[in-house]
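Notes follow once the structure below has been shown.
The values are calculated or read from the model by the stated rules, or taken from the named source; none is laboratory data. All values derive from a computational prediction rather than experimental measurement. When we count neighbours, we look across all protein chains shown, and the Cβ atoms used for this are built from the backbone with ideal geometry, even at glycine.
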Amino acid sequence: MTNRLLAAFVFFTRLPFWRIREVPAECFKHVVDYWPFAGWLTGGIMAGTLWLAAHILPFYVAVLFAISARVLLTGCLHEDGLADFFDGFGGGTSRERTLAIMKDSYIGSYGVVGLILYFTFLWSLLTSLPLSIACAAILMGDPWSKFCAAQQINFLPYARKEEESKAKVVYNRMSPGTFIFAFISGLVPAIIFMPSYFFLLAGLMPLIASAFLILLMKKRLQGYTGDCCGAVFLLSELTFYLGMNILYQLI
């Protein structure tokens with residue numbers, strides 16, 4: 001378990017966890033199992049950056065610093081997948097064409113517009129919340145949305161051959177034990193920071209968004225890719241922040 005957890009931190013961040021020790025290649029097939037737990041780190045750094053920056057800068061600038069911190073921490077891993085996802089599903093009309101576009105290293109108009117809209121919505125939703133609620137939303141939304149997005153590996157096969165994978169690895173489906181661990185990792189921050197009846201709205205939205213995107217991927221690709229993992233996470237996380245905004249307005 002230690003090696004697999006370390007592999008997840010190596011894979012999903014740019015921090016030098018690889019210096020701790022060499023991780024067997026087989027462990028990288030299980031990194032999605034620990035993706036929600038890695039969200040504690042990425043979400044924690046993003047929320048921490050927001051909290052600190054907001055005490056010396058205008059809130060709207062602090063949110064930009066927080067977003068930038070996570071982008072730098074992850075090396076744009078998920079944002080790259082989101083851009084490829086928009087390009088593929090926007091420009092492709094068949095399974096083969098969609099996969100070919102997503103594999104292309106160049107970004108197209110759908111990817112550019114998609115990223116602009118994504119960051120605009122992310123910044124707008126976070127700046128619409130008070131500082132304390134925005135920080136709590138990030139701490140909850142990152143791990144939980146990663147758990148929701150991770151379910152695509154349990155419901156769909158990999159859409160390409162393993163040697164065609166950008167990361168040169170195909171994720172294994174979760175065992176019952178790792179599913180429980182991923183679920184707990186995604187849920188615990190919400191239990192700590194938000195009453196359960198609030199979570200019924202904000203927490204359900206990433207589940208619904210992930211389910212919809214998984215069905216879309218099944219119809220178009222008959223499977224998933226690494227780009228799809230990043231895209232489903234980011235879009236599901238947006239719906240969590242949308243739910244938090246709705247709750248805040250109702251309260």
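Observations, loosely collected:
- The selection criterion, being of a type in the set (A, V, I, L, M, F, W, C), farther than 17 Å from G230 by Cβ, out of contact with any Cys (no Cβ under 8 Å at 6 or more places or on another chain) and surrounded by 16 or more Cβ atoms within 10 Å (Cβ to Cβ), holds for A66.
Residue-wise test of (1) closer than 21 Å to F37 by Cβ; (2) surrounded by 16 or more Cβ atoms within 10 Å (Cβ to Cβ); (3) at pLDDT 90 or above.
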site: C148; (1), (2), (3): yes, yes, yes
site: P176; (1), (2), (3): yes, no, yes
site: R220; (1), (2), (3): no, yes, yes
site: V232; (1), (2), (3): yes, yes, yes
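- Failed criterion for F28 (all others in (1) touching a residue at least 40 places away in the same chain (Cβ under 8 Å); (2) hydrophobic (A, V, I, L, M, F, W, C); (3) surrounded by fewer than 13 Cβ atoms within 10 Å (Cβ to Cβ) hold): (3)
- Selection over the range 1-43 of residues that are closer than 23 Å to P189 by Cα and part of a helix (DSSP H, G or I) gives a count of 24.
- Residue count for the range 4-56 under the criterion of being farther than 29 Å from Y241 by Cβ and either out of contact with any Asp or Glu (no Cβ under 9 Å at 6 or more places or on another chain) or at pLDDT 90 or above (or both): the result is 14.
- Enumeration of residues in the range 34-53 that are aliphatic (A, V, I, L, M) and buried (at least 21 other Cβ atoms within 10 Å of the Cβ): A38, M46, A47, L50
- Restricting the range 12-25 to residues that are surrounded by fewer than 20 Cβ atoms within 10 Å (Cβ to Cβ) and not charged (D, E, K, R), the residue that is nearest to the chain's Cα centre (by Cα) is T13.
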